[in-house]
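Coordinate-derived values only; no laboratory data. Remember, predicted model here, so these are calculated numbers, not experimental data. Here the Cβ positions follow ideal geometry from the backbone for every residue, glycine too, while neighbour counts run over all protein chains shown.
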Amino acid sequence: MKNLTAICPGSFDPITNGHIDIIYRASKIFDEVVLLITNNSTKNYFFTVEERILMAKNASSHIKNVCVDYCDILLAEYVKKFDRCCLVKGLRAVTDYEYEFQHAITNKILNSELETIYINASNEYMYLSSSVVKQVAEFKGDISMFVDKQNLKIIEDKFKK
Ligand code: ADP
């Protein structure tokens, strides 16, 4: 899509192969993709902002037109720095739908220009979430099929602390 930036927001706590699948597919459709680490004071993150940014950079380093950014203001405000952009979100099952639907409508009320576009999760990542990764890692299970190999040690070390 010409001169259109995809903003892919999320906690990425940590980023998984399911997230990267969506980012990669968005990168083939849009000129530029912003992998946006968000900070929401109502959420308790396991990884620090710095760790989430580092892992997002590692996992997306093979995709040319992706950059990682961080946002601790309203998304509806953040997007105003782009000429033309839309939000791109991954949708797993029906369970994601209600949450995403609420957010899309709220963002549209706050910023009437802001559209949200969904990309369906791939079959192989339909089950995968950051919570699954943390639950397996907590008990020293093998998470190598869920996350980028550059992030394995960061995640494993965090659970040793
Ligand atoms: P949030 O803070 O919105 O819960 P997440 O980091 O959990 O953020 O997810 C960010 C986005 O990635 C959301 O749109 C979510 O639906 C999507 N997503 C998460 N896991 C997957 C997956 N396995 N496949 C496709 N999309 C996913």
- [ ] Would you list which lysines come within 18 Å of Lys108, measuring only between C-alpha atoms, while excluding same-chain residues fewer than 8 positions from it?
- [x] Lys80, Lys81, Lys89
Open item on the list: For Ile117, Ile20, Ile73, which order do you get if you count the other beta carbons within 10 Å of each Cβ and list the fewest first?
Closed with: Ile73, Ile117, Ile20
Task: DSSP-loop trypsin sites (Lys or Arg not before Pro) across the stretch 1-69, with at most 15 other Cβ within 10 angstrom - done: Lys2, Lys43, Lys64
Task: Long-range Cα-Cα pairs in the stretch 54-139 (distance over 15 Å), rounded percent - done: 71 percent
- [ ] Step through the table entries Lys140/Lys161; Lys64/Lys158; Lys57/Lys140; Lys43/Lys140, compare each Cα-Cα distance with 20 Å, and write down the pairs that go over it.
- [x] Lys64/Lys158; Lys57/Lys140; Lys43/Lys140
Open item on the list: Quick check for me: using +1 on Lys/Arg Cβ and -1 on Asp/Glu Cβ, what's the dipole size of the chain about its Cα centre, in debye to the nearest 20?
Closed with: 240 debye
Task: Karplus 3J(HN,Hα) series, Hz, for the stretch 40-53 with 6.51 cos²θ - 1.76 cosθ + 1.60 (x for Gly, Pro) - done: 10, 5, 7, 9, 9, 8, 7, 9, 5, 4, 4, 5, 5, 5
- [ ] Search the structure for amide H atoms under 5 Å from the amide H of Glu32, placed 1.01 Å from N in the peptide plane, and list their residues when 5 or more places away or on another chain.
- [x] Leu4, Ala6
Task: Potential lengthening between Asn120 and Val94 on full extension [0.36 nm per residue; Cα-Cα distance subtracted] - done: 8.3 nm
- [ ] With no solvent and one equal point scatterer per Cα, compute the Debye intensity ratio I(q)/I(0) for the chain at 0.09, 0.10, 0.19 Å⁻¹ and report its log10, rounded to two decimals.
- [x] -0.28, -0.35, -1.30
